[in-house]
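Below: the structure, in structure tokens.
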Amino acid sequence: MKIPFLNKLKPLLRNNQALSLAGNLVASGLTVVSVSLLFRALPVQEIGAWVFFISILGLGDALRAGGITTAFIRSYSGAARARAAEVVGSTWVLALLITGTLIALALLARLWPGPVANISLALFIKWFPVTFVLTLPSFLAACVLQAQLRFDKLLYLRLLTQGTFILGIITLMLLHQTTLERVLYCNLAAAALTSLVALLMGWTRIGDLPARTAACVRELSHFGKYSVGSYIGSSLLRSSDTFIINFLLGPAPLAVYNLAQRFMEIIEIPLRSFMATAMPSLSAAFNQGDTPEMARIIRRNAGLLTWLLLPVIVATVLLADVPIRLIGGSKYAGTEAANLLRIAIAMAVLFPIDRFSGVALDVLNKPRLNLLKVLLMLAVNVAGDFIGIHFCHNIYGVALASLPTIVSGFVFGYFLLNKSLPIAIPDILRDGLLEIQRLFRRLSGRAMLAPAPEAAAWDMSRPTPTPNR
């Protein structure tokens, strides 16, 4: 039996945008599930230590991703077969160099005389090297699959990683054996299994390693030296609150603060999905010298996201206590977590335009400008955190510091982008609204009987007609 609505929905579910969104939705949803389990299974102090460990691990990931991801996708997308093999092989070399350097630094930290007083730092020094090695193949597989627009396979990798980790935590809870160290074992097992599958399936393309060239390694690293600054800065921007709270207020307030931040995944899911699918399209348009197409892609992605996020933001502000109780359990009810979530999500309406301005600057071969933007936001955030804690003496000071941070980055990034690629905010909102209307018409069966080629599937990289002014 054929269901008309499902028949209309099938083309949307098969395209890259929908697959990317599904992958991020599943991964982030499973992340929220794992966090919810950990908040219930571990004491508040150990949750704070886990959050700190994951944040520092994220810095390492940001350094590796920053030096590789954008440069790789930009060079790989649309390349001939020989050139693609050269780029993949050279990327493996660069990834091994970055991974080895960071592991060496972590091993040197073990030579520190005497015990490490901070439990979070001790956790990092002990477990970072092996974790970083085990995640290398899956990281490179993700780069290759994103550049190939194979978001279905990316979805499999994310399911495997998060699913294995959650099964491990549930097993520990059922056996009443949940400890922080055993949770780390589960994390290592998930990373190892995912990387092994990626290698066996050939998604890492490690066989292209002999095609590497010194010139290509230099080319990738040259672009990455600015891009890595943006990634590190962005990661520090996300984790600077974690570090400051951990050392000035302690692990327990950090757990409460992080609980509020976990729900922000509902905003990050579509942001990551749209940027993942837009970057190869933006790179292809840039390589072809088609700046009007770049502008169209940015306007419609950022505009659609802005409109889609508005009802989510309003609902969260009104009902913030509900997700806090669902994720953290009753022991976090009545804490500052709900108000922290309200403050954090209120500014999310600026995220789509802000994120796409950064991606566009990278694609336009101006990563230095994006780095300046990120460094500005980092400086404002760190200064704001210290000032906020000084006057408020609690985590509200840190949350309030995010307001000037986001506004300064939004204004600065938008100004920089308009110097190279003029895009007006009213045009962004108009194109986004038109895209929503088009999607609703198609799903409700009122689309034209003979649609234009670009309306055949939900692909935000393709232009749609806009009315004459």
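The values are calculated or read from the model by the stated rules, or taken from the named source; none is laboratory data. Everything quoted here is computed from the prediction, not taken from an experiment. Virtual Cβ from ideal backbone geometry, glycine too; neighbours counted across all protein chains shown.
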Out of all the residues in region 388-400, which are assigned to a helix (DSSP H, G or I) and without any contact (Cβ under 8 Å) to a residue 40 or more places away in the chain?
-> GLY388, HIS390, PHE391, CYS392, GLY397
Could you tell me which of the residues ILE406, ILE423 is assigned to a helix (DSSP H, G or I) and in contact (Cβ under 8 Å) with a residue 24 or more places away in the chain?
-> ILE406
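Report yes if some residue within region 287-305 is part of a helix (DSSP H, G or I), within 16 Å of LEU350 (Cα to Cα), under 22 Å from the mean Cα position of the chain (by Cα) and among the small types (Gly, Ala, Ser); otherwise report no. Before the answer, list the steps.
Going through region 287-305, the residues part of a helix (DSSP H, G or I) turn out to be 287, 291-305.
The next check asks that each one be within 16 Å of LEU350 (Cα to Cα); those that pass are 298-305.
Applying the additional criterion that residues be under 22 Å from the mean Cα position of the chain (by Cα) yields 298-305.
Retained after the next criterion (residues that are among the small types (Gly, Ala, Ser)): 302-303.
Yes, because at least one residue in region 287-305 is part of a helix (DSSP H, G or I), within 16 Å of LEU350 (Cα to Cα), under 22 Å from the mean Cα position of the chain (by Cα) and among the small types (Gly, Ala, Ser).
ALA106: under 19 Å from MET279 (Cα atoms) and either surrounded by fewer than 22 Cβ atoms within 10 Å (Cβ to Cβ) or touching a strand residue (DSSP E or B) at 6+ places or on another chain (Cβ under 6 Å) (or both), yes or no?
Numbers: under 19 Å from MET279 (Cα atoms): no; either surrounded by fewer than 22 Cβ atoms within 10 Å (Cβ to Cβ) or touching a strand residue (DSSP E or B) at 6+ places or on another chain (Cβ under 6 Å) (or both): yes.
The answer is no for ALA106.
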Pair list, Cβ < 6 Å and 6+ apart or interchain, from region 250-264 residues that are in a helix (DSSP H, G or I) to residues that are hydroxyl-bearing (Ser, Thr, Tyr) = VAL256/THR335; LEU259/TYR332
Here the residues within region 317-357 that are closer than 25 Å to GLY48 by Cβ and of a type in the set (Lys, Arg) are ARG325, LYS331, ARG342
Residues in region 238-249: is at least one assigned to a loop (DSSP other than H, G, I, E, B) and over 15 Å from TYR396 (Cα atoms)?
-> no
Out of curiosity, is GLY202 in a loop (DSSP other than H, G, I, E, B) and loosely packed, with under 15 Cβ neighbours inside 10 Å?
-> yes
Could you pull out the residue among LEU140, LEU134, LEU160 that is buried (at least 19 other Cβ atoms within 10 Å of the Cβ), under 12 Å from ALA192 (Cα atoms) and modelled with pLDDT of 90 or more?
-> LEU134
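If the requirement is being closer than 19 Å to ILE425 by Cα, of a type in the set (S, T, N, Q) and surrounded by fewer than 17 Cβ atoms within 10 Å (Cβ to Cβ), which of these qualifies: THR306, THR291?
Exactly one of THR306, THR291 is closer than 19 Å to ILE425 by Cα, of a type in the set (S, T, N, Q) and surrounded by fewer than 17 Cβ atoms within 10 Å (Cβ to Cβ), namely THR291.
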Among residues belonging to region 357-373 that are aliphatic (A, V, I, L, M) and in a helix (DSSP H, G or I), point out the one that is farthest from SER408 (Cα to Cα).
-> VAL363
Could you pull out the residue among ILE313, ILE353 that is surrounded by fewer than 21 Cβ atoms within 10 Å (Cβ to Cβ), at pLDDT 85 or above, part of a helix (DSSP H, G or I) and of a type in the set (Val, Ile, Thr)?
-> ILE313
List pairs: first in region 284-304 and hydroxyl-bearing (Ser, Thr, Tyr), second outside any helix (DSSP H, G or I), Cβ under 8 Å, 6+ apart or cross-chain?
-> THR291/LEU421
Sort through PHE128, PHE124, PHE151 and tell me the only one that's among the aromatic types (Phe, Trp, Tyr), modelled with pLDDT under 90, in contact with a helix residue (DSSP H, G or I) (Cβ under 9 Å, 6 or more places away or on another chain) and surrounded by fewer than 22 Cβ atoms within 10 Å (Cβ to Cβ).
-> PHE128
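Rundown of residues vs (1) buried (at least 21 other Cβ atoms within 10 Å of the Cβ); (2) over 26 Å from the mean Cα position of the chain (by Cα), yes/no style:
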{"site": "ARG368", "(1), (2)": "no, no"}
{"site": "MET377", "(1), (2)": "yes, no"}
{"site": "ALA383", "(1), (2)": "no, no"}
{"site": "CYS392", "(1), (2)": "no, yes"}
{"site": "LEU403", "(1), (2)": "no, no"}
{"site": "LEU416", "(1), (2)": "no, no"}
{"site": "ILE425", "(1), (2)": "no, no"}
{"site": "ASP431", "(1), (2)": "yes, no"}
{"site": "ARG438", "(1), (2)": "no, yes"}
Could you list all residues from region 35-86 that are of a type in the set (Val, Ile, Thr), buried (at least 24 other Cβ atoms within 10 Å of the Cβ) and under 20 Å from LEU180 (Cβ atoms)?
-> ILE47, VAL51
